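Notes to accompany the following structure.
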Amino acid sequence: MRIIKDSTPGRDGFRMPAEFEPHEGCIMIFPERPDSWQYGGYAARKAFVQIAEAIALSEKVTVCAGAAQYDNARALLPPHIRVVEMSSNDAWARDYCPTFVKNGEGSVRGIDWGFNAWGGLHNGLYFPWDRDNQMARKLCDLFEKDVYCKRDFILEGGSVHVDGEGTCMVTEECLLSKGRNPQMTKGEIEETLKEYLNVSTVLWLPCGIYNDETDGHVDNICAFTAPGEAVLAWTEDKEDVQYEMSRACLACLEQAVDARGRHIRVHKLPLPKPVRITEEECQGLDACGDEPVRTPGERLAASYVNFYIANGNIVMPGFGDAADAQAKEILQGLFPDRRVIQIYTRDILIGGGNIHCITQQIPGAAR
Ligand code: KQY
């Protein structure tokens, strides 16, 4: 594996494909830390296994597990899912596994962004994050992909979405947050995204989902479903603080023009009723340091937008809410060639994210 420090994907003709383009496979990390996953992570691991199995219906899945969980991961996951031992600080594959880019000949490389646990010493969610920060490089080695070193730029995979045709979508709340790249201007951040994702247009949504501890990752509020089309997390409840946030994003999308000169067709995806953590769930979370702790009644950043697009399936969250079925129906309509599988993910939501946050696709040649 070559570590590329003297060039960029843009210069070399590599671009980040959209998630709905063909995959070679998917990477996940087995959950373990007891301050993220309630009651030692038993229930979260069961949900991770269901998600891995659903994705493995149509593409190869590799699960990284720390030494302490390796045997358990190997026992819980079926034989066609590969398990490799790899240390990490937590299990957010989207955010610190490599962002992969591809060229016209189908050659794939990784990008190794800097990772500082969603805000470093300013408002990061745990310390240390050194093992997470090594993962992109280790995985590129494992998958035999050369890797662009961009560790001087803090970026999580969940904070960007691309349409594969020159457009990238981010939120100002996240990319301009003080804990990431405070020394850079908005223009400089935009130029970096253009150069590394090889896009010509960056759409800046104002914000993400209310109380999302990632500072409003785009992957929880809005996602491309096809070139020129996106789903947006939506509520009609004017009393909900999310109402104005989603409206502000809609207003932004309605006046946006993408890299191909298209107006974005926006599909509203209903939000579940506010999901709040219970006293009992809070009691199941260990305290492992000075990280923020959850308090009973705290609203969790539940959103159906946090789904994964596999080669032959959509794997989406369910919350046991009345809107589960409607959200599933909408996604099925938008992806008629892929069967939508809905998985109850409250135990992942308690950790601070959902299915998209715990998966990372590797682009491939054919579907
Ligand atoms: O991408 C994400 N949603 C990760 C959230 C990390 C939460 C740590 N408890």
Qualifying residues in region 316-367 (those that are of a type in the set (Asp, Glu) and assigned to a helix (DSSP H, G or I)) - the one farthest from the ligand (Cβ to nearest atom): 329
Filter result (in contact with a Phe, Trp or Tyr (Cβ under 7 Å, 6 or more places away or on another chain) and either crowded, with 18+ Cβ neighbours inside 10 Å or closer than 29 Å to residue 22 by Cα (or both)) within region 234-251: 235, 242, 245, 246
Number of positions in region 21-35 that are buried (at least 24 other Cβ atoms within 10 Å of the Cβ) and either in a loop (DSSP other than H, G, I, E, B) or over 18 Å from the mean Cα position of the chain (by Cα) (or both): 2
Check on residue 281, in contact with a helix residue (DSSP H, G or I) (Cβ under 6 Å, 6 or more places away or on another chain), touching a residue at least 60 places away in the same chain (Cβ under 8 Å) and closer than 30 Å to residue 27 by Cα: yes
Residues of region 56-89 satisfying the condition of being in contact with a His (Cβ under 9 Å, 6 or more places away or on another chain) and of a type in the set (A, V, I, L, M): 56, 61
Single residue of 301, 310 found to be within 16 Å of the ligand (Cβ to nearest atom), modelled with pLDDT of 95 or more and small (Gly, Ala, Ser): 301
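In region 78-93, what residues are of a type in the set (Asp, Glu) and either over 14 Å from residue 28 (Cβ atoms) or away from the ligand (no atom under 16 Å from the Cβ) (or both)?
Result: 85, single match.
Here are 293, 305: which of them is exposed (fewer than 13 other Cβ atoms within 10 Å of the Cβ), of a type in the set (A, V, I, L, M, F, W, C) and under 25 Å from residue 36 (Cβ atoms)? First the steps, then the outcome.
Details: 305 fails: exposed (fewer than 13 other Cβ atoms within 10 Å of the Cβ).
Only one candidate qualifies: 293.
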Selection from region 44-82 of residues that are under 29 Å from residue 289 (Cα atoms) and surrounded by 18 or more Cβ atoms within 10 Å (Cβ to Cβ): 44, 45, 47, 48, 49, 63, 64, 65, 66, 69, 73
Answer residue from region 148-184, given it is of a type in the set (Ser, Thr, Tyr) and within 16 Å of the ligand (Cβ to nearest atom) and is surrounded by the fewest Cβ atoms within 10 Å (Cβ to Cβ) among those: 177
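The values are calculated or read from the model by the stated rules, or taken from the named source; none is laboratory data. Source: prediction; values computed, not measured. Note: ideal-geometry Cβ built from the backbone for every residue, glycine included; neighbour counts use all protein chains shown.
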